[in-house]
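The values are calculated or read from the model by the stated rules, or taken from the named source; none is laboratory data. Keep in mind the model is a prediction, meaning the values are calculated, not measured. Glycine gets a Cβ as well: all are built from the backbone with ideal geometry, and neighbour counts include every protein chain shown. To get the accessible areas, we keep the full protein, side chains included, count just its heavy atoms, and leave off ligands, DNA and RNA. Shrake-Rupley method; radii C 1.70, N 1.55, O 1.52, S 1.80 Å.
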Amino acid sequence: MEAIILAGGFGTRLRPLTYSVPKPLLPVMNTPMIVGIINSLPPEVDRVVLAVNYMAKAIRDHFAANDIGREVIVVVEDEPLGTGGAVKNCESQIRGKFFVINADVITKLDMVAYLAFHNNCGGIGVLALQEVEDPTRYGMVITDQNNSIQKFVEKPGENEIVTNWINAGTYILEPEVLEFITPEKKVSIEREVFPVILEKGLYGFKYVGLWKDAGTPGSYLDAHALMLEAEVAAGLAKTTHLLGEGTHLDSGVELGENVCIGSGVKIATGCRLSNCVVHDNATIGKDCILDGVVIGDRATIGNGCTLENDVLVEAGATVESGAQLSCGARVRQSKERQEN
Ligand code: GTP
């Protein structure tokens with residue numbers, strides 16, 4: 001069985017992190033998010049098809065260098081074809097029913113139960129649904145009592161909300177769905193394909209549990225918080241901290257809640273970190289306060305910096321000593337290109 005992983009987006013909302021690393025390779029819990037998704041797939045999936053465009057080489061190189069125990073096929077789009085066009089572009093790799101998964105979905109969805117649900121329903125496909133407090137940012141999915149999808153409402157207005165179940169970006173589809181996608185055209189599977197195949201039997205698999213689309217700075221940090229808290233709740237960790245191999249914290253470094261630090265990171269004395277993700281081989285000078293921050297790999301933070309509230313530092317970038325950055329500040333590799 002195949003799983004198509006949609007990994008060709010530009011990841012604009014996570015810039016400047018995604019200027020140097022494609023979003024699917026950004027780490028979540030110190031593992032590239034796309035690898036976490038692949039590892040969650042059921043054993044039936046023996047072939048993973050990566051639909052890529054932006055920074056395709058980096059993704060291809062990663063999988064050439066790292067064996068994930070499944071056959072990996074990289075299908076490159078010359079131009080981004082959208083979520084539907086990308087799936088159609090992978091048609092020649094599909095042998096039967098297949099998964100389609102957005103590469104930025106962080107979830108503990110039970111893929112085995114999900115596949116069993118699809119096999120029972122017998123429809124043309126199943127969409128994993130997730131309940132959210134505010135569906136206005138997402139695609140609302142209305143089902144009947146048999147979980148058969150009746151209607152989609154994209155980004156509903158406040159007065160249109162009739163359900164809190166949304167499309168969670170994870171599908172199991174029969175190959176027949178491919179007949180409804182025009183080849184070599186930019187097509188959105190959510191907006192242009194699913195609504196027209198409703199009468200073929202499209203079902204919703206309602207999932208209650210950890211789910212986060214890690215596509216924005218806030219949700220990328222939230223995804224970590226949820227995963228770290230889940231580790232504690234499961235008794236796998238005592239604190240909401242994760243530290244990679246070879247990482248060194250000087251004495252006097254304080255870690256608050258939800259801190260994920262990659263490998264080979266150096267943090268000097270007097271630093272206080274909370275709600276942070278620090279990628280591999282970053283260096284943080286003494287007496288820094290970091291809260292609500294993502295530091296890219298090999299980035300350098302000088303002494304006495306305060307970075308708070310949604311600050312992103314690109315891989316390899318430098319923050320000068322004494323800098324005070326907050327509220328959505330972005331630091332790029334070269335000073336001329338710094339954005340605020
Ligand atoms: P933003 O630019 O921040 O919106 O991010 P994005 O480009 O990743 O878009 P979005 O988060 O909506 O995409 C959801 C998933 O679909 C991500 O895993 C993307 O990599 C993927 N995706 C989006 N558009 C395309 C496309 O044209 N081709 C392919 N292959 N994947 C896509």
Give, as residue ranges, the strands (runs of 3 or more DSSP E) completely inside the range 139-202 that count at least 1 residues that are open to solvent by 70 Å² or more (accessible area, probe 1.4 Å) and more than 16 Å from the ligand (Cβ to nearest atom). 149-154
Just checking, which of Gly292, Gly264 is assigned to a strand (DSSP E or B), at pLDDT 95 or above and not β-branched (Val, Ile, Thr)? Gly292
If I filter the range 1-22 down to residues being in contact with a Leu (Cβ under 6 Å, 6 or more places away or on another chain), outside any loop (DSSP other than H, G, I, E, B) and within 12 Å of the ligand (Cβ to nearest atom), which single residue comes out as nearest to Ile295 (Cα to Cα)? Leu17
Sort out which residues of the range 41-66 are over 13 Å from Lys23 (Cβ atoms) and polar (S, T, N, Q), and write them in order of number. Asn66
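Residues are listed down the side, and each one gets a yes or a no for (1) in contact (Cβ under 8 Å) with a residue 24 or more places away in the chain; (2) aromatic (Phe, Trp, Tyr):
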position	(1), (2)
Tyr220	yes, yes
Gly235	no, no
Ala268	yes, no
Gly285	yes, no
Ile289	no, no
Asn303	yes, no
Which numbered condition Ser326 fails, given (1) open to solvent by 50 Å² or more (accessible area, probe 1.4 Å); (2) in contact with a Gly (Cβ under 8 Å, 6 or more places away or on another chain): (2)
How about the range 218-244: which of its residues are part of a loop (DSSP other than H, G, I, E, B) and either within 16 Å of the ligand (Cβ to nearest atom) or open to solvent by less than 40 Å² (accessible area, probe 1.4 Å) (or both)? Ala237, Thr240, Gly244
Does the range 74-91 contain at least one residue that is more than 15 Å from the ligand (Cβ to nearest atom) and either open to solvent by 20 Å² or more (accessible area, probe 1.4 Å) or part of a loop (DSSP other than H, G, I, E, B) (or both)? no
Could you please let me know if Thr31 is modelled with pLDDT under 95 and open to solvent by less than 60 Å² (accessible area, probe 1.4 Å)? no
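Residues checked against (1) open to solvent by 10 Å² or more (accessible area, probe 1.4 Å); (2) touching a His at 6+ places or on another chain (Cβ under 7 Å); (3) among the acidic types (Asp, Glu):
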position	(1), (2), (3)
Asp280	yes, no, yes
Ile289	yes, no, no
Val293	no, no, no
Thr306	yes, no, no
Leu312	no, no, no
Glu320	yes, no, yes
Of Gly252, Gly215, the only residue that is assigned to a loop (DSSP other than H, G, I, E, B) and open to solvent by less than 40 Å² (accessible area, probe 1.4 Å) is Gly215
Please specify each residue of the range 211-239 satisfying the condition of being over 26 Å from Pro22 (Cα atoms) and touching a strand residue (DSSP E or B) at 6+ places or on another chain (Cβ under 9 Å). Glu231, Thr239
